[in-house]
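Okay, structure first, notes after.
Every number in this text was worked out from the coordinates using simple rules, so none of it is lab data. This one's a predicted model, so the numbers in the text were calculated from it and none came from an experiment. Cβ coordinates were reconstructed from backbone atoms using ideal geometry, including for glycine residues, and neighbour counts include every protein chain displayed.
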Amino acid sequence: MTIFILSVSEHIHSTQRIYKEARRRGHTVEIINHLKCSIKLGNDKPEIIYQGENIIDIPDVIIPRIGVSAMRHGAAVVKEFEMNGVYSIASSEGIIKAQNKVSTLQIMSRNNLPIPQTVFSVDPESVSEQLDLLGGAPIIIKLQEGTHGSGVILAESKKSAISIIDTMYSSNTSILLQEFIKESNNEDIRAFVIGDKVISSMKRKGLEDDFRSNIHKGGSGSKVVLTPEEEQIAIKAAQYLELPIAGVDMIRAKRGSLLIEVNSTPGLQGIETYTNDNIAKAIVKFLEANVQTKL
Ligand SMILES: Nc1ncnc2c1ncn2[C@@H]1O[C@H](COP(=O)(O)OP(=O)(O)OP(=O)(O)O)[C@@H](O)[C@H]1O
Ligand SMILES: [Mg+2]
């Protein structure tokens, strides 16, 4: 089949891994920089133009690897392919929803998947009451569209929580407030979902003096076996967000595992290294089994 990987650079590790595995299995693969795609609407048929000149021939499949910086344009390009009948391993809707933690948690909560107690608001007058809704400090304050642990704060006292939240609201920064799951012990779980299966999972552990387990913040990973409940949470989360492929993150609380976020472009480097699983190959095999190629 013909596959486009939408990625800003061919040098990104995960992009290379998928490219190589797909080529190895005999597919025609191109890496397309979605930031160089223009879309022309208004004629009979919309056109996707690449690098200002060539009109793109539609592939059988796209694999969007859309980063945070150009998420909106990336999702619009994905949508254009979708409307042309191309199978995408991440729906444009799913990419947009997963990007925002509040949208994700709203959908999870609505569908009864377990999440940490969460409050979102923009009202500076009721900060104290918002904290009380979560049982007071310590609490977690997150940027709604944070990334790699850089937008997550642990406020240990009510006093510091109030001043941080106040600053965020007055600078129009979208945040959410969340109960702090102390017993998660600087660890989180990443489940890599492909279709209706979790095909690999790892535990990430943060540095000793950091509650965040992000590998970008110096954390490290190891292979982990999920409970059947965790598998179900991960598979359903990906389904609710219309993401055939997703990285679902959970933390282990006393009352069970809680979903914290879903990634529509889960990286391969960390998880393949820590688990020894060949995820790029599993992605390509999933496409072979599920995508109708054009004649
Ligand atoms: N409610 C919580 N209680 C305890 N620890 C938490 C909680 N929420 C997040 N953490 C820890 O902080 C880390 C970062 O949080 P989160 O994954 O929500 O944001 P992020 O990694 O910045 O976002 P992204 O993955 O989109 O870049 C988590 O991996 C987890 O270890
Ligand atoms: Mg995270």
Name the residue, out of Gln269, Gln178, Gln144, whose mean-square fluctuation peaks in a Gaussian network model built on the chain with Cα pairs under 10 Å. Gln269
What GluC sites (Glu not before Pro) does the range 65-94 have in DSSP loop regions with at most 15 other beta carbons within 10 Å? none
Stretch Leu154-Glu183 to full length: gain in nm at 0.36 nm per residue minus the Cα-Cα span? 9.0 nm
Please work out the C-alpha center-to-center distance from the range 20-56 to the range 235-295 and express it in whole Å. 24
Extending each Cα 7 Å along its Cβ direction at Lys285 and Glu129, get the distance between those two points in nm, one decimal. 5.5
With contacts defined as alpha carbon pairs under 8 Å and 6 or more residues apart, what's the relative contact order of the range 118-180 in percent? 48
Please list log₁₀ I(q)/I(0) at q = 0.15, 0.24 Å⁻¹ for the range 118-180, using the Debye equation with identical point scatterers on the alpha-carbon positions. -0.36, -0.97
Bridge orientation stat for the range 1-147 from DSSP, antiparallel percent rounded to 5, came to 35
What is the chain's relative contact order, in percent, from Cα pairs under 8 angstrom and six or more apart in sequence? 18
What is the extension gain from Asp196 to Lys36, computed as 0.36 nm multiplied by their sequence separation minus the C-alpha to C-alpha distance, in nm to one decimal? 54.3 nm
Loop GluC sites (Glu not before Pro), the range 17-65 (other Cβ atoms within 10 Å of the site Cβ: 16 or fewer; DSSP): Glu53
Where in the range 194-295 are there GluC sites (Glu not before Pro) that are in a DSSP coil and have at most 13 other Cβ atoms within 10 angstrom of their Cβ? Glu208
Tell me, what ³J(HN,Hα) does each residue in the range 181-198 have, in order and in whole Hz, if you take phi through Karplus 6.51 cos²θ - 1.76 cosθ + 1.60 with θ = phi - 60° and put x for Gly and Pro? 8, 4, 6, 5, 6, 6, 10, 9, 10, 10, 9, 9, 9, 10, x, 9, 9, 8
Cα-only Debye scattering, the chain: base-10 log of I(q)/I(0) at q = 0.12, 0.17 Å⁻¹: -0.80, -1.38
